[in-house]
Amino acid sequence: MKSSTLLLASCLALLVLPAMADDKDIDARAASIRQTACQTCHGPDGNSGDPKVPRLNGQLAPYIFSRLHSMRYPVREAPRAIHNMGSVAPELQTKVIAAIANYYAGQAPMADGHAHDGLARAGEKIYKNGAGPVPACQGCHGVQGQGSDKAPRLAGQHGEYLVMTMQAFAMGIRVSEPMNRHVWQMPAEQMKAVAAYLAGSHD
Ligand code: HEC
Ligand code: HEC
């Protein structure tokens, strides 16, 4: 190698290596926060065993990121979210939030667990076709509830969390356009039906 090439290579190394070390540092910090904080409630790999705590495995990374980010300015968040996550999430750096979001998004989601009993069948109809003023959920959340670039994954989520969340939207204690608009006219029975369909056999 000519000495000028060698010089160029070492200059490049000086530029690139600190960036790589920095990324490793972020990943290590993200892993340690997951294992010491997040895991105690959300379970290993984000597959929470508590029906009030949402599953994060296979959730879309941009949605995880945006929800963690909104904990810093929690005017949009339900008191329950602030109560549980308010002490951990606001402390996190943006890069750490992104690494955590990528980790959970990369974990296998629950296998298709759509249930097909009476209640779940009623829920499937609402999910696919809507009901009166309530629009079809699949338009944003995906045909299978797998999520899309418009809205998060819902399939395989805990039914109890889904119902509580729809109620929080309906009462405006969790602020989200369009969800506040969509669910405020939904009777409790319809919320339960959609949740039964989405949670399926995993609840
Ligand atoms: C003390 C228990 C607890 C801890 C610790 C905790 N969470 Fe949560 N988390 C919850 C609960 C409960 C909710 C549901 C809040 C609600 O009702 O909106 C939640 C919601 C979330 C959501 C929104 C999920 C969704 O489907 O909208 C994300 C993302 C999340 N947590 C990530 C994390 C991460 C990352 C950490 C670690 C930095 C963490 N949580 C630590 C209890 C906890
Ligand atoms: C026009 C698009 C749109 C339609 C239609 C829609 N949603 Fe949503 N939904 C969203 C968006 C966007 C979010 C994320 C809100 C946020 O970031 O807080 C969301 C969030 C949710 C959440 C919270 C997920 C979580 O993990 O906390 C639930 C539950 C939900 N929607 C259920 C439904 C149901 C049930 C229907 C059908 C009755 C429906 N949505 C129809 C766009 C939509």
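Every read-out reported here was derived from the displayed coordinates using simple, explicitly stated rules and does not represent laboratory data. Predicted, not measured: the structure shown is a model, and the values here were computed from it. Neighbour counts run over all protein chains shown; Cβ positions are idealised from the backbone, glycine included.
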### Query
Which helices, counted as full DSSP H runs in the chain, have an axial Cα extent of no less than 30 Å and a Kyte-Doolittle average of 0.5 or above?
3-33
#### Entry: Only Lys, Arg (+1) and Asp, Glu (-1) charged, at Cβ; region 118-202 dipole about Cα centre in debye
100
### Query
About its Cα centre, how strong a charge dipole does the chain have in debye, to the nearest 20, once Lys and Arg get +1 and Asp and Glu get -1 at the Cβ?
320
### Query
What FRET efficiency comes out for the pair Asp22/Lys128, r = Cβ-Cβ distance, R0 = 45 Å, nearest 0.05?
0.45
### Query
Got a sec? Charge dipole of the chain, +1 on Cβ for Lys and Arg, -1 for Asp and Glu; which of Val88, Met71, Asn102 is way out at the positive end?
Met71
### Query
By how many nm would the segment from Asp149 to Asp117 grow when fully extended, if each residue of separation counts as 0.36 nm and the alpha-carbon distance is taken off?
8.5 nm
#### Entry: Convex hull volume per residue for region 85-166, taking Cα atoms only, in Å³
130
### Query
Among the aspartates and glutamates, which have Cα under 18 Å from the Cα of Lys95 when same-chain residues fewer than 8 positions away are ignored?
Asp22, Asp23, Asp25, Asp27
### Query
In whole angstrom, and with the biggest value first, how far do the Cα coordinates of region 118-202 range along each principal axis?
29, 28, 24
#### Entry: Cβ charges +1 (Lys, Arg) and -1 (Asp, Glu), total dipole of region 53-147, debye
160
### Message
Which lysines, if any, have their Cα less than 29 Å from the Cα of Lys192, not counting same-chain residues under 8 positions apart?
### Response
Lys52, Lys125, Lys128, Lys150
### Task
Take the chain, connect every pair of alpha-carbon atoms lying under 10 Å apart with a spring to form a Gaussian network, then pick out the residue of Leu56, Leu119, Leu162 with the largest mean-square fluctuation.
Leu119
### Message
Could you tell me the relative contact order of the chain? Use alpha-carbon pairs under 8 Å, at least six residues apart, and round to a whole percent.
### Response
23
### Query
Once all Cα-Cα distances of the chain are split into 10 Å bins that start at 0, what whole-number percent is in each one?
9, 31, 31, 15, 7, 5, 3, 0
### Task
Output the relative contact order of region 118-202, whole-number percent, from Cα pairs under 8 angstrom with separation of 6+ residues.
40
### Query
Once the piece of chain linking Ala136 and Val88 is laid out straight, how much longer is it, given 0.36 nm per residue of separation minus the C-alpha distance between them?
13.8 nm
